[in-house]
1. One residue is enough: does the range 188-197 have a residue meeting the conditions within 25 Å of the chain's Cα centre (by Cα), over 21 Å from Ala67 (Cα atoms) and either surrounded by 15 or more Cβ atoms within 10 Å (Cβ to Cβ) or at pLDDT below 80 (or both)?
2. Return the residues of the range 62-80 that are assigned to a strand (DSSP E or B) and either in contact with a helix residue (DSSP H, G or I) (Cβ under 8 Å, 6 or more places away or on another chain) or at pLDDT below 95 (or both); say none if nothing qualifies.
3. Answer yes or no: is there a residue in the range 126-147 that is touching a strand residue (DSSP E or B) at 6+ places or on another chain (Cβ under 9 Å), of a type in the set (Gly, Ala, Ser) and at pLDDT below 85.
4. Answer yes if at least one residue in the range 6-22 is touching a residue at least 12 places away in the same chain (Cβ under 8 Å), in a loop (DSSP other than H, G, I, E, B) and over 27 Å from Gly131 (Cβ atoms), and no otherwise.
5. Taking into account only those residues within the range 9-56 that are among the aromatic types (Phe, Trp, Tyr) and closer than 19 Å to Asp90 by Cα, which is surrounded by the fewest Cβ atoms within 10 Å (Cβ to Cβ)?
6. Taking the conditions exactly as written (surrounded by fewer than 19 Cβ atoms within 10 Å (Cβ to Cβ) and farther than 17 Å from Phe17 by Cβ), does Asp66 satisfy them or not?
7. Which one of these does Ala103 not meet: (1) under 15 Å from Ala79 (Cβ atoms); (2) modelled with pLDDT under 95; (3) not aromatic (Phe, Trp, Tyr)?
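The values are calculated or read from the model by the stated rules, or taken from the named source; none is laboratory data. Since the model is a prediction, treat every value here as computed from it, not as a measurement. In this analysis, Cβ positions are derived from the backbone assuming ideal geometry, glycine residues included, and neighbour counts consider all displayed protein chains.
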Amino acid sequence: MGKKTRKYELTKKKKIFLGRTLFQIKALKNFSFVKKGDLGGYIEKEENLSHEGDAWVYGDARVYGDARVYGDAWVYGDAWVYGDARVYGDAWVYGDARVYGDARVYDDAWVYGDARVYGDARVYGDARVFGDARVYGDARVYDDAWVYGDARVYGEIRLKTVLCSRFGFEFDWQVKLWHKMEKEFEKEVKERIREVSE
């Protein structure tokens, strides 16, 4: 890749992390909110972060292994992206979040806090995964879904709704049952409030 098309370089500042050498990156030109000369986060090799688009790694964030960040995606804070994971589109991974295995986070999705997305999981659309939530296996979280708190979404589940729970969900029928119970509880609470206010 010619020097004209490169947007960053690996600096000499490095960290030995889990037996791997990670290098801090430095911007070679202005793009998005990044200014020429800005220091970024840490990557193992140039294949981890595309020179195309506005993708960036900053703070103490780390991208290593065969993981890739590209498009206009951002990885920052103390987040880690590793294994064969991909973060792309306009996705954000930040805080202490971890994305690994063959997981994919893309479109306008956000993964943050202490959340974990791994295995063959996919988080996309305008989905949010945060708090101590876990999304793994072949799970899909998409559209406007929010998974947070201590929620666990795994197996072959497809989730496009809000889910905050201390329970784990492996199958779609479990989520439907949970939402049905939630609606019945909400109806009962409204009836009791109406009775008390009369």
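1. Initially, the range 188-197 is screened for residues within 25 Å of the chain's Cα centre (by Cα), giving none.
No, because not a single residue in the range 188-197 is within 25 Å of the chain's Cα centre (by Cα), over 21 Å from Ala67 (Cα atoms) and either surrounded by 15 or more Cβ atoms within 10 Å (Cβ to Cβ) or at pLDDT below 80 (or both).
2. Taking the range 62-80 first, the residues assigned to a strand (DSSP E or B) are 62-63, 68-69, 74-75, 80.
Hits for the range 62-80 are Val63, Arg68, Val69.
3. There is no residue in the range 126-147 that is touching a strand residue (DSSP E or B) at 6+ places or on another chain (Cβ under 9 Å), of a type in the set (Gly, Ala, Ser) and at pLDDT below 85.
4. Within the range 6-22 (the criterion being touching a residue at least 12 places away in the same chain (Cβ under 8 Å), in a loop (DSSP other than H, G, I, E, B) and over 27 Å from Gly131 (Cβ atoms)), the answer is yes, since at least one residue qualifies.
5. First, pick out the residues of the range 9-56 that are among the aromatic types (Phe, Trp, Tyr): 17, 23, 31, 33, 42, 56.
Filter once more, keeping what is closer than 19 Å to Asp90 by Cα: 31, 33, 56.
On the way: Phe31: 16, Phe33: 10, Trp56: 25.
It comes out as Phe33.
6. Details: surrounded by fewer than 19 Cβ atoms within 10 Å (Cβ to Cβ): yes; farther than 17 Å from Phe17 by Cβ: no.
Against the criterion (surrounded by fewer than 19 Cβ atoms within 10 Å (Cβ to Cβ) and farther than 17 Å from Phe17 by Cβ), Asp66 does not qualify.
7. (2)
For every residue, the table says whether it meets (1) among the acidic types (Asp, Glu); (2) within 15 Å of Tyr70 (Cα to Cα); (3) at pLDDT below 95; (4) within 20 Å of the chain's Cα centre (by Cα).
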{"residue": "Phe17", "(1), (2), (3), (4)": "no, no, yes, no"}
{"residue": "Leu28", "(1), (2), (3), (4)": "no, no, no, no"}
{"residue": "Leu39", "(1), (2), (3), (4)": "no, no, no, no"}
{"residue": "Asp54", "(1), (2), (3), (4)": "yes, yes, no, yes"}
